[in-house]
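Remarks on the structure that follows.
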Amino acid sequence: MKIIHAKDYDDMSRKVANLISAQVILKPKSVLGLATGTTPIGAYKQLIDWYHKGDVDFAEVSTYNLDEYRGLSGDDPQSYRYFMNHQFFDHIDIDKDNTHVPDGTDLDVEHACKSYDQLVKDAGYVDLQLLGIGRNGHIGFNEPADAFSKGTQCVDLTPSTIEANSRLFDNPDDVPRQAYTMGVQTIMQARMIVVAATGADKAQAVHDMIEGAVTPQCPASILQLHTNCWVVADAEALSLCQ
Ligand code: F6R
């Protein structure tokens, strides 16, 4: 893993946006793997700004998001499709038909998972996968488990993830309990991975990801085995690392 030290959230966002932008400039037809959550919002804002300045464009890019709540439609303001449209896609020249998020309205788990895997496979897998990291070391919604997941799957969210996500919902009871997520094996098939993290509450997970044992109890730890994985993090997130 290669570590890029960021001063703070804004600096991390600029550095992540720089990596994504370089990828898209070098390969306009790039397949990007994207994440939701608080972490990438600043990078998306920066990319929108550079798009408006004419520095980068997304006309030929296609995207595959990591995850979606099972049961939520893209019109639901809490859905990850809604998040991506509002935080990023609506503000750039990407063709919405080329943006993909697991279909939360498809309640047939096997069908929903297989179709998403097929889409990613047909795209030739991901060129650059952007990841945030959960406080428990999850990537996508791959929570600590006894084995690493492979393809897309439906997961029961852990109490800590439900609690972390409840800040985004008016009523904690409305936080969905299940989600579709790209599997760890699919994430590992990306040709380049960028993990972004800031803040002290990520320090333990970042330590375990970079310096801990490779174990499904910290799903992000498998990224140590990826040959082109970059961690962009601030001093607080790296505070427990040597
Ligand atoms: C989001 C995702 C999650 C988040 C993680 C960190 O699509 O897959 O793994 O990246 O929960 O979330 P934030 O950035 O909100 O701290």
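The values are calculated or read from the model by the stated rules, or taken from the named source; none is laboratory data. None of these values were measured; they are calculated from a predicted model. Heads up, the Cβs are rebuilt from the backbone with ideal geometry, glycines too, and the neighbour counts pull from every protein chain shown.
Table: residues versus (1) modelled with pLDDT under 85; (2) more than 12 Å from the chain's Cα centre (by Cα); (3) more than 30 Å from Val24 (Cα to Cα).
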| position | (1), (2), (3) |
| --- | --- |
| Gly134 | no, no, no |
| Phe141 | no, no, no |
| Ala145 | no, yes, yes |
| Asp156 | no, yes, yes |
| Ser160 | yes, yes, yes |
| Asp170 | yes, yes, yes |
| Pro176 | no, yes, yes |
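Within the stretch 58-81, which residues are free of Cβ contacts under 8 Å to residues at least 40 places away in the same chain and of a type in the set (D, E, K, R)? Matches in the stretch 58-81: Glu60, Asp75, Asp76, Arg81.
Checking the stated criteria, Gln185 turns out to be within 30 Å of Asp106 (Cα to Cα) and modelled with pLDDT of 95 or more. When each of Ala196, Ala190, Ala220 is tested for being aliphatic (A, V, I, L, M), part of a loop (DSSP other than H, G, I, E, B) and surrounded by 17 or more Cβ atoms within 10 Å (Cβ to Cβ), the lone residue that passes is Ala190. Could you grab me the full set of residues in the stretch 108-140 that are at positive phi and more than 9 Å from the ligand (Cβ to nearest atom)? Selection gives Gly124, Tyr125, Gly137. Selection within the stretch 51-107: residues that are of a type in the set (D, E, K, R), out of contact with any Leu (no Cβ under 9 Å at 6 or more places or on another chain) and within 16 Å of the ligand (Cβ to nearest atom). The member of this set that is modelled with the lowest pLDDT is Asp76. Scanning the stretch 20-50 for residues that are surrounded by fewer than 19 Cβ atoms within 10 Å (Cβ to Cβ) and within 16 Å of the ligand (Cβ to nearest atom) yields a count of 4. Taking (1) among the aliphatic types (A, V, I, L, M); (2) buried (at least 21 other Cβ atoms within 10 Å of the Cβ); (3) over 16 Å from the mean Cα position of the chain (by Cα) in turn, Val126 satisfies each apart from (3). So, Ile187, is that one over 16 Å from Thr39 (Cβ atoms), of a type in the set (Val, Ile, Thr) and touching a residue at least 60 places away in the same chain (Cβ under 8 Å) or not? Spelling it out, it is not the case that Ile187 is over 16 Å from Thr39 (Cβ atoms), of a type in the set (Val, Ile, Thr) and touching a residue at least 60 places away in the same chain (Cβ under 8 Å). The set of residues in the stretch 145-187 being assigned to a loop (DSSP other than H, G, I, E, B) and surrounded by 16 or more Cβ atoms within 10 Å (Cβ to Cβ) consists of Phe148, Ser149, Gly151, Thr152, Leu157, Thr158, Val175, Pro176, Met182, Gly183.
Only one entry in Ser160, Ser166, Ser239, Ser221 is in contact (Cβ under 8 Å) with a residue 40 or more places away in the chain and hydroxyl-bearing (Ser, Thr, Tyr), namely Ser221.
Taking the criterion of being over 20 Å from Val16 (Cβ atoms) and charged (D, E, K, R), the residues of the stretch 172-230 that qualify are Asp173, Asp174, Arg177, Asp208, Glu211. Pick out the one residue from Ala196, Ala213 that is touching a residue at least 12 places away in the same chain (Cβ under 8 Å) and of a type outside the set (Ser, Thr, Tyr). None of the other options fit; the residue is Ala196.
The criterion of at least 2 residues that are in contact with a Gly (Cβ under 8 Å, 6 or more places away or on another chain) and under 30 Å from Ala235 (Cβ atoms) is met by the following helices (runs of 4 or more DSSP H) wholly inside the stretch 1-92: 9-26. Could you list, ordered by first residue, the pairs with Cβ atoms under 9 Å in which the first is in the stretch 30-57 and within 11 Å of Leu130 (Cα to Cα) and the second is within 16 Å of the ligand (Cβ to nearest atom) and basic (Lys, Arg), at least 6 apart or interchain? Close Cβ pairs satisfying both conditions: Thr39/Lys202; Ala43/Lys15.
Taken together, the criteria exclude Leu225 from residues that are over 14 Å from the mean Cα position of the chain (by Cα) and within 15 Å of the ligand (Cβ to nearest atom).
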